[in-house]
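**Q** The following block contains the structure, expressed as structure tokens.
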Amino acid sequence: MATLGDIGVAAAFNLLSAFVFFIAFAVLRLQPFNDRVYFPKWYLKGLRTSPASSGAFVRKFVNLDFRSYLKFLNWMPEALKMPELELIDHAGLDSAVYLRIYLIGLKIFVPITIVAWAVLVPVNYTNKTLELQLKNVTSSNIDKLSISNIPLESDRFWTHIVMAYAFTFWTCFVLLKEYEMVASMRLHFLASEKRRPDQFTVLVRNVPPDPDESVSETVEHFFLVNHPDTYLTNQVVCNANKLAKLVKQRKKKQNWLDYYQLKYSRNNAQRPIMKTGFLGLCGQKVDAIEHHEAEIKKLSKEIAEERERVNKDPKAIMPAAFVSFKSRWGAAVCAQTQQSRDPTSWLTEWAPEPCDVYWPNLPIPYVSLAIRRLIMAVAFFFLTFFFIIPIASVQALASIEGLEKVAPFLKPIIDMKFIKSVIQGILPGLALKLFLIFLPTILMIMAKFEGFTSKSSLERRAATRYYLFNLVNVFLGSIVAGSALEQLNTFIKQSANEIPRTIGVAVPLRATFFITYIMVDGWAGIAGEILMLKPLIIYHLKNFFLVKTEKDREEAMDPGSLGFNTGEPQIQLYFLLGLVYAAVTPALLPFIVIFFGLAYVVFRHQIINVYNQEYESAAAFWPDVHGRIIIALLISQVALIGLLTSKKAAQSTPFLIALVVLTIWFYTFCKARYEPAFVRYPLQEAMMKDTLERAREPNLNLKPYLQNAYIHPVFKEEDEEDEFDFKSENESVLVPTKRQSRRSTPAPSRISGASSPSLPPEVVPEHPERAS
């Protein structure tokens, strides 16, 4: 069991590591050849150019202005200078609201830490329970600051109950104000946002088949009949996954060709040679340039054939389409209402913005989505609960006793004071962190298999599962494996009625492990985040081997994005730890506060200078953030109830049950009051924005803007050459159809169930739009 000295050594070690990372970052960011790595966002916006260097050749690579090194921490105040409104304009609402999660952590835990240390620490420390009554249970000095040090049936437990109420009310107050603020920010952002295709577009799924018409014609007829005043155009969804795969392969081959051509230009004496076998390690030796030119030619032919197949094969067209409207109001009505008497057909939802669409999942049949999600739910259940076994094994090995048992020859080294402190203070958290390194990738693959059609929804689903995994394995699994199993020898030797009492004392003892985890995953992780060692290495490798032009250099920059699917669940784990241990072991709280403070400054810097968000969801993820903090509150209250019951303070349980009920009521109130702003778009706001737009641009024609907005990326290069039809929106539009019974009669439609307007005998044939 780690002592205060061990925790102090670990804290000093991690702070020193973080400081070294900050120093390294401060030095690397000042070098001219690293400028595109640490400030890529400004390059992508066209507001920054490569640092001009004159004089000595070395100045092109090394900053020789030694005065700039004296201000190596000036990036911190610079990161805090940009006002929030300017930050929203610069990086988007998603990024600004993401930062508010860290700010909420500071708002919640700074007052809680002060109160807990002023009230609970003296109450806990002025007892001798662990020294006098439980000498046979492993404990540490930190446990003397916790609730474990209070004797059974003590009146001092009322202090913890009062503090639990105070912490809950304060947390709920902060959450209420933040929910209100973020909801207001979202509505203001949507009202002031520039025109975007997704504001006018709806994704329609499960289009019923019609033997007489194509999917595009069926969609157009249905919406011209049922939304005659607002329908504008549609773009059907096609299965271009194979085509996209071929294009990706050609791009990869082109990169290798560029590499070998650049290599040959630097050394004309010898043509580059490569092997055609596995990873270039075996197989026949060939001329690398000629080989890749032949491969690219072959792939180009396959791409042309596949493009032709997608354009002409009806089987490549899926029963789904992006339907665009003349106004935001029309799109809102369609997206938020049922379109057919059959609730399983003509399903509508807001279309993601074009850059947010995850194209590989659009061709998945809608009827298979429920089965896919059931399969992934079962797979996630087994992944979560069977992961406890290896985590328990890792936690057992990451201890002094575990290492001495597995490797007894290391005992002389392990017994050294410094090594022992490092093992007890750092190794458990580091082992768990390394064990979970591939988890986000696995969860994202599972989310993609489920068929979500936007990158934002993929990240939110992966984030939900990552959070549940952390809750079960990192939190509950570490407590059970780390405390109950650690005390197994004591349980066996004592009577059955003593076991609940020992568990009640042992559970808070895992605070030392979570302190080390916060330092390793939080402090050191944040410092590593700003150093950006991996992007730095990858950029310079690309710059050396592939870059020939300025365009190549821009493509070599990979600023990345926030990574909501990994970042937000990790933040929620710290909320959970802070709230659970606030009334149990307040010694953990300062480590939480330091994490939120460091993370806020670092991620503000990254959002301003580095990250280039792939999409903008207008903070649609906030209800998830709010709900998970409420779950953390409920878990902390239930844990305290169980702990007090084991301390024979069951008479206080009704007071804490009332607190649980109040917390659930608060969650339902916030859900009913604020969540609609995140799932529905008010028709009043849509009409207001449409009216203002028509007043500013009375002759606006949206069709050229929208008709190719949702074309598949592999077709965009070709479609940019197409000419738009700039006819007026007010021009009379006829409903084209191939049904014989409807050429001259308003017979009811089998698709819409409504009458269509009469058509003249002669209707100009519709030019078939190429499928996207």
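**Q** Roughly to the nearest percent, how much of the accessible area of region 197-352 is carbon and sulfur, given a 1.4 Å probe?
**A** 52 percent
**Q** Heavy-atom accessible area per residue, region 197-352, 1.4 Å probe: how many Å²?
**A** Heavy-atom accessible area per residue stands at 51 Å².
**Q** If I model a spin label as a point 7 Å beyond the Cα along the Cα-Cβ vector, how far apart are those points for Thr344 and Ile23 in nm?
**A** In this crude spin-label approximation the distance works out to 6.7 nm.
**Q** Students often get this wrong, so check it: of Lys298/Lys455; Lys301/Lys542; Lys252/Lys298; Lys45/Lys194; Lys242/Lys297, which have C-alpha atoms separated by over 22 Å?
**A** Lys298/Lys455; Lys301/Lys542
**Q** While we're looking at this one, here's another question. Counting only the heavy atoms of the protein chains, how much of Arg461 is accessible to a 1.4 Å probe, in Å² to the nearest 10?
**A** 70 Å²
**Q** Shifting gears a bit: Heads up, I need the accessible area for Lys242: 1.4 angstrom probe, whole protein in place, Å², nearest 10.
**A** Only protein atoms counted, so the area is about 130 Å².
**Q** For a test of the definition: using alpha carbon positions, the gyration tensor, and the 1.5 limit on a/c, classify region 610-700 as rounded, prolate or oblate.
**A** Judged from the Cα gyration tensor, region 610-700 comes out oblate (a/c at least 1.5, b/c at or above a/b).
**Q** If you don't mind, another one. How much accessible area does Met76 have with a 1.4 Å probe, in Å² rounded to the nearest 10?
**A** The value for Met76 is about 50 Å².
**Q** Under 8 Å for C-alpha pairs, at least 6 residues apart: give me the relative contact order for region 197-352, rounded to a whole percent.
**A** With pairs under 8 Å counted, the relative contact order is 47 percent.
**Q** For region 197-352, how big is Rg over Rh, using alpha carbon atoms and the Kirkwood form of Rh?
**A** 1.24
**Q** Follow-up question, since we're still on this one. Taking the Cα-to-Cβ direction at Gln336 and at Ile635 and moving 7 Å from each Cα, how far apart do the two end points lie in nm?
**A** 3.4 nm
**Q** Still on this structure: Which of the peptides 95-101, 307-313 is most tightly packed, and how do the rest follow, going by the mean number of other Cβ atoms within 10 Å of each residue?
**A** In decreasing order of mean packing, 95-101, 307-313 become 95-101, 307-313.
**Q** What FRET efficiency do you get for Trp158 and Glu305 if R0 is 51 Å and r is their Cβ-Cβ distance, rounded to the nearest 0.05?
**A** My answer for the efficiency is 0.05.
**Q** Another question, then. Put a dot 7 Å past each Cα toward the Cβ at Glu685 and Lys242; how far apart are the dots in nm?
**A** 4.3 nm
**Q** In addition: Could you give the length gained by full extension between Leu536 and Asp552, i.e. 0.36 nm per residue of separation minus their alpha carbon distance, to one decimal place?
**A** Here the segment from Leu536 to Asp552 would lengthen by 4.1 nm.
The values are calculated or read from the model by the stated rules, or taken from the named source; none is laboratory data. All figures in this text were calculated on a predicted structure; none of them were measured in a lab. Because the Cβ atoms are built from the backbone with ideal geometry, glycine has one as well, and the counts that use them run over all protein chains shown. Surface areas here come from the heavy atoms of the whole protein model, side chains and all, with no ligands, DNA or RNA. Shrake-Rupley method; radii C 1.70, N 1.55, O 1.52, S 1.80 Å.
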